[in-house]
Amino acid sequence: MVENVSTQGPASVPPSVANPAFGAFLVQFMALGLACVAVAWGVFIAWTTAFPPPCGDSSGFTSMGVVECWVANLPIGLLTLAVGGFVKRGFPILRKICIVISIVVLSLPVIASILLQRWHCP
């Protein structure tokens, strides 16, 4: 026995486009701003550690710069990584940029420490 079922076809559902929230965008933008400053600071410290002044002229400023790089870049890198991972209502491209730049920010103190151990004056 054949049932007579009248179907109207597949139901059309309007596409759900999630508009990014302004607060999430603002948090992402601020985290990226802090991360850019941290990248500039980390690159400066890595550069000054890679090319130190002659032994005796730095009087500990090179090693202090590496410590300052750890103190500044570690929290900013973790904050940027958290923003990239947990802020889901913002722009997806900014989430990816936050994650990538946080990896760069977190790697700069490690690079500066390796350079300090390699070229540090005895």
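The values are calculated or read from the model by the stated rules, or taken from the named source; none is laboratory data. Since we're looking at a predicted model, the values are computed, not measured. When we count neighbours, we look across all protein chains shown, and the Cβ atoms used for this are built from the backbone with ideal geometry, even at glycine.
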Here the residues within the range 80-122 that are in a loop (DSSP other than H, G, I, E, B) and either within 30 Å of S63 (Cα to Cα) or at pLDDT 95 or above (or both) are H120, C121, P122
Is there a residue in the range 42-55 that is loosely packed, with under 15 Cβ neighbours inside 10 Å, closer than 13 Å to V105 by Cβ and β-branched (V, I, T)? no
Testing A72 on (1) free of Cβ contacts under 8 Å to residues at least 40 places away in the same chain; (2) surrounded by fewer than 18 Cβ atoms within 10 Å (Cβ to Cβ); (3) part of a helix (DSSP H, G or I), one condition comes back false. Which one is that? (2)
Subset of the range 93-122 (residues that are in contact (Cβ under 8 Å) with a residue 40 or more places away in the chain and within 10 Å of L81 (Cβ to Cβ)): C98, I101, S102, V105
So, in the range 96-111, of the ones that are farther than 13 Å from A72 by Cα and hydrophobic (A, V, I, L, M, F, W, C), which residue ends up surrounded by the most Cβ atoms within 10 Å (Cβ to Cβ)? C98
Against the conditions (1) crowded, with 18+ Cβ neighbours inside 10 Å; (2) among the aliphatic types (A, V, I, L, M); (3) under 15 Å from the mean Cα position of the chain (by Cα), where does V66 fall short? Just the number, please. (3)
